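For reference, the structure discussed in these notes is given below.
The values are calculated or read from the model by the stated rules, or taken from the named source; none is laboratory data. Not measured: the values here are computed from a predicted model. Virtual Cβ from ideal backbone geometry, glycine too; neighbours counted across all protein chains shown. Just so you know, the surface numbers come from the protein's heavy atoms only, side chains and all, with ligands and any DNA or RNA stripped out. Shrake-Rupley method; radii C 1.70, N 1.55, O 1.52, S 1.80 Å.
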Amino acid sequence: MRALVKTRPGPGLEMIDVPEPTPGPREVKIRVLRAGLCGTDLHLHDWDPWAAETVRTPMILGHEFSGIVAEVGPDVTDVEVGQLVSGEGHIVCGRCRNCRAGRRHLCINTQGIGVNRDGAFAEHVVIPASNVWVQPEDFDPDLAAVFDPLGNATHTTLSFPLAGEDVVVTGAGPIGVMAVAIARHVGARYVAVTDLSGERLALARAAGADICVNPAEGDLRQAMRALGMREGFDIGLEMSGAPPAVASMIDHMNHGGRIAMLGLPKEPYPVDWGKVITHMITIKGIYGREMYDTWYAMSSMLSTSRALRDAVTSVITHRFPATEWQTAFDTARSGQCGKVVMDWS
Ligand code: NAD
Ligand code: ZN
């Protein structure tokens with residue numbers, strides 16, 4: 001089969017023929033239809049220090065995908081050939097304290113599909129049956145392919161009760177825009193968004209943001225005034241990984257405000273801890289999706305809300321055949337896009 005492989009340490013990827021994988025016990029082989037690009041794939045492509053430390057070659061990349069079940073291994077009882085599925089990209093150990101307590105997203109031995117084992121930038125991928133999320137019949141394969149980042153957005157956005165609250169989202173990348181749509185869906189009062197890109201802010205506005213701020217031109221204080229807010233945001237959803245965005249968020253939270261942090265910074269950075277402490281702000285780190293509460297929540301929300309389905313689908317701005325993977329990577333790297341998806345069918 002064709003696969004996009006990191007064949008050796010160093011920058012770059014190669015589209016090559018590799019043997020088709022075979023599902024072992026309790027594993028499922030999936031014929032990939034769509035696969036989304038995320039920042040992780042760009043880091044792996046470019047071979048930054050994190051990638052060099054983390055990945056052993058050869059490795060097929062890709063962890064955001066949808067596909068059709070092609071084969072099930074021995075002892076698989078709840079997944080059937082022909083079903084449209086998405087995949088949870090984190091494989092947990094099942095043995096650590098958190099796994100045994102049912103808190104699988106907190107596993108200390110998490111392995112990543114497309115990072116620590118072969119991924120979905122290929123015609124077929126094999127994953128544990130327990131990581132398969134079966135989609136309804138006739139579900140859109142594009143939408144199914146973004147359940148991983150949608151799950152990040154859902155996990156972050158549902159971390160704190162939002163009904164009637166004023167929410168600020170920093171970073172209107174694909175995940176930030178999805179977070180805006182979810183915050184709207186679950187009944188936030190005002191949703192303010194910041195990003196440096198006008199295009200991305202336009203996506204956020206279409207997804208339901210009340211006010212969009214480009215920090216190069218304005219600030220959250222002005223946004224608060226425009227909304228008639230006097231005290232500060234109740235909830236912060238950090239989706240940029242940018243230290244100035246975090247500083248601005250902390251500056252504009254109400255006392256007792258709560259922040260869920262998804263954005264990954266490139267390196268450690270200073271934080272105004274005095275403000276965090278005296279304003280009694282709660283900060284929660286978010287990694288991946290809750291297994292599988294997040295998956296139930298996002299499926300349920302999508303099943304009843306056309307607006308949410310449309311907003312999430314609108315985040316997919318570019319689709320390329322897998323053969324044009326280089327253009328897909330260049331587009332994702334340019335930032336002049338929402339989510340970029342490759343078609344492997
Ligand atoms: P993205 O890089 O496409 O989006 C980040 C956005 O932040 C960009 O649109 C950028 O313009 C904006 N930004 C940069 N500086 C800013 C500033 N000063 N103020 C406001 N906005 C600013 O990423 P994404 O795919 O949407 O993911 C969002 C973040 O979440 C990224 O940092 C990503 O690495 C991280 N992430 C974390 C997890 C996890 O499990 N914790 C999973 C996936 C992604
Ligand atoms: Zn574990």
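Selection over segment 315-332 of residues that are in a helix (DSSP H, G or I) and within 16 Å of the chain's Cα centre (by Cα) gives a count of 1. Residues in segment 98-152 that are surrounded by fewer than 18 Cβ atoms within 10 Å (Cβ to Cβ) and among the small types (Gly, Ala, Ser) were compared, and the one that is nearest to ligand 1 (Cβ to nearest atom) is Gly112.
For the residues Gly208, Gly187, the requirement of being touching an Asp or Glu at 6+ places or on another chain (Cβ under 9 Å), more than 19 Å from Ala247 (Cβ to Cβ) and open to solvent by 10 Å² or more (accessible area, probe 1.4 Å) singles out Gly187.
One residue stands out in segment 85-97 among those that are open to solvent by less than 70 Å² (accessible area, probe 1.4 Å) and within 11 Å of ligand 2 (Cβ to nearest atom): the one that is farthest from Val28 (Cα to Cα), namely Cys96.
Restricted to segment 177-206, and to residues there that are assigned to a loop (DSSP other than H, G, I, E, B) and in contact with a strand residue (DSSP E or B) (Cβ under 9 Å, 6 or more places away or on another chain), the residue that is nearest to ligand 2 (Cβ to nearest atom) is Ala188.
Scanning segment 249-296 for residues that are hydroxyl-bearing (Ser, Thr, Tyr) and under 22 Å from the mean Cα position of the chain (by Cα), which turns out farthest from His43 (Cα to Cα)? By that ranking, first place goes to Tyr296. Take the conditions (1) more than 19 Å from the chain's Cα centre (by Cα); (2) surrounded by 18 or more Cβ atoms within 10 Å (Cβ to Cβ); Gly73 misses just one of them, which is (2).
Given the options Ser299, Ser303, name the one that is surrounded by 16 or more Cβ atoms within 10 Å (Cβ to Cβ) and closer than 25 Å to Ala207 by Cα.
On the way: Ser303 fails: surrounded by 16 or more Cβ atoms within 10 Å (Cβ to Cβ).
Step by step, each of Ser299, Ser303 is checked, and only Ser299 is surrounded by 16 or more Cβ atoms within 10 Å (Cβ to Cβ) and closer than 25 Å to Ala207 by Cα.
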